[in-house]
Amino acid sequence: MRYVVIMAGGSGTRLWPLSRKGTPKQLLKLIDGRSLLRLAFERAQRLVPDERILVVTGAPYLDNVAADLPELPRANLLGEPEGRDSLNA
């Protein structure tokens, strides 16, 4: 059975001044009014059903990610309590 894991971490420092702590780059609506996270999610939907897509993000961004991906089951959002690069994901 195939799953897709989208690593949507980041603290909003690399795409400054657009991204900030409250709006990291993965949540910015940069292309056709869609976020980079939304674009990744739509690509993943071509491979597996929504219930087999997992998104790993920082715990402070869980609500924002849920709002950006309302069709994703909330149980499929994993909030990292502390950013440690992408190794933990």
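We did not get these values from a lab; they are worked out from the coordinates using the rules stated. Please read these numbers as outputs of a predicted model, since none were measured by experiment. Glycine also receives a Cβ, built like all others from the backbone with ideal geometry; neighbour counts cover every protein chain displayed.
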List the trypsin sites (Lys or Arg not before Pro) within the stretch 29-74 that DSSP assigns to loop and that have no more than 15 neighbouring Cβ atoms inside 10 Å. Arg46
Just the C-alpha atoms of the stretch 32-82: what Rg/Rh do they give, with Rh taken as the Kirkwood radius? 0.95
Quick one: if you stick a label point 7 Å off each Cα along the C-beta vector at Val5 and Arg34, how many nm between them? 2.4 nm
